[in-house]
Amino acid sequence: MDKKNALRAGALAAGTTLMMLLMSAPALALTPDDGDDPGQGLSVIETLGLYVVAPIGLFALIAGLVWVLDGSSDREPRRKPGGKGQGKMQGPDQVRAS
């Protein structure tokens, strides 16, 4: 990538980041609004369980279900294009030209 494209990409990233920060400023407000009733904070263990262990467990559960319920284990691996045996008409399952 040349300098001009790198500069353009950097300017775009900086502008996007600046806009995101400006738009999220109200989310960082420290003064509570009327009607706010925050509950107790989470402990470190609860936070790690909620934001680390739970997503990993959910991913493992979905991946395990896909792996167990996948019925394609009886398929033979496909050959890559241009590999050995490509273009040959051999074997009993091939149609003979007459």
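Filtered by the rule that a residue be over 20 Å from the mean Cα position of the chain (by Cα), modelled with pLDDT of 80 or more and not charged (D, E, K, R), region 39-81 gives Gly39, Gln40, Gly41, Leu42, Ser43, Val44, Ile45, Thr47, Leu48, Gly49, Val68, Leu69. On inspection, Gly15 passes the criterion of being of a type in the set (Gly, Ala, Ser) and surrounded by 10 or more Cβ atoms within 10 Å (Cβ to Cβ).
The values are calculated or read from the model by the stated rules, or taken from the named source; none is laboratory data. Just so it is clear, the model here is predicted, and its values are computed rather than measured. With ideal geometry, Cβ positions are generated from the backbone for all residues, glycine too; neighbour counts draw on all protein chains shown.
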